[in-house]
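Inspection log for the structure reproduced underneath, given as structure tokens.
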Amino acid sequence: MRDASGMPTLFLYEDLWRSKGPLVRSRLLSMLGRQKRIYARNCRVEPVSAALAASFLRKHHLYGATKASVRYCLVRDRATGLRETGMEQLPSGDRLVAVALFSPQGSGMWQWERYACLSGYRVDGGMGKIFRRFIADHKPSQVMTYADLEWSEGAVYRLLGFCEAGDTEPVEFVLDPLSGERIHLSKIGRDRKWRDTIPDGRIIRNLGSRRWIIDFPEVGV
């Protein structure tokens, strides 16, 4: 989001700051250009298991893991250049530096569900490298994804060839006063567990999302 002068505006919620403070602070530092740098040219794209992808996303994505049938990761092989972080500086020597998830929507259409890299790091060209591998492997006719408007309008997707396709309505959640967990408002009415345990939960409304779509009309011709 941007204010009247065109400057970026962020919305930070107390529950996320409390429950996922390190990830929130890491993302803020990344937006300020304070992250360490890795070059995608020094990484290879590989399929990754559901368990490993979920573990990575829980550590490094603000909204955690989600189910997806297609999963890729970037594995770092080397470091080149003075501006790139050395191999020895990776946490615990782990060379897995990014994960992306995709789900089929039918008729050649896919949704890009998640992308995350190591907290505190930026993988230059990482999104594009994984996306090109996905396209080569699955030959989609269309891919859509969403940008969380609390953090970004999604300009990175335009660089990858996506086009804006409108904004979604804000989503309402109930905040569990005991656990601090956000529960989708629609779930409260369906699930007795939440109806009985959170009668007085505080309602939080996010800012919605921007939808981005890219078409591949040559597929299936």
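The values are calculated or read from the model by the stated rules, or taken from the named source; none is laboratory data. Bear in mind that the values here come from a model prediction, so they are computed numbers and not experimental data. Backbone-built Cβ (ideal geometry, glycine too); neighbour counts: all protein chains shown. Surface areas here come from the heavy atoms of the whole protein model, side chains and all, with no ligands, DNA or RNA. Shrake-Rupley method; radii C 1.70, N 1.55, O 1.52, S 1.80 Å.
If the segment from Lys139 to Met87 were pulled out straight at 0.36 nm per residue, it would be longer than the present Cα-Cα gap by 15.4 nm.
Annotation for Leu178 and Leu159: the two label points, set 7 Å from Cα along the Cα-Cβ direction, are 4.5 nm apart. Once both axes come from the Cα atoms, what is the angle between helix 50-60 and the longest principal axis of the chain, in degrees from 0 to 90, rounded to 10? Roughly 70 degrees between the two axes. Using 0.36 nm per residue and subtracting the Cα-Cα separation, the extra length available between Thr9 and Ser186 on full extension is 60.9 nm. Each Lys and Arg adds +1 at its Cβ and each Asp and Glu adds -1 at its Cβ; summed about the Cα centre, segment 122-173 shows a dipole of about 600 debye. If the only charges are +1 at each Lys and Arg Cβ and -1 at each Asp and Glu Cβ, what is the size of the charge dipole of the chain around the Cα centre, to the nearest 20 debye? The dipole of the chain has a size of about 640 debye.
Dipole of segment 89-151 computed with +1 at Lys/Arg Cβ and -1 at Asp/Glu Cβ about the Cα centre; of Tyr121, Trp151, Phe134, farthest Cα towards the positive end is Phe134.
Within the chain, all pairs of alpha-carbon atoms sorted by distance into 5 Å bins from zero give the percentages 1, 6, 12, 16, 18, 17, 14, 9, 5, 2, 0, 0. A DSSP coil position with no more than 11 other Cβ atoms inside 10 Å describes none of the GluC sites (Glu not before Pro) in segment 74-168. Relative to the dominant Cα principal axis of the chain, helix 21-31 is inclined by about 50°. Just the number, please: carbon plus sulfur as a percent of the accessible area of segment 1-120, 1.4 Å probe, no ligands or DNA/RNA counted. Carbon and sulfur: 54 percent of the exposed surface of segment 1-120. Close lysine pairs were tallied over the chain: pairs 8 or more places apart or on different chains with Cα atoms under 27 Å apart number 15.
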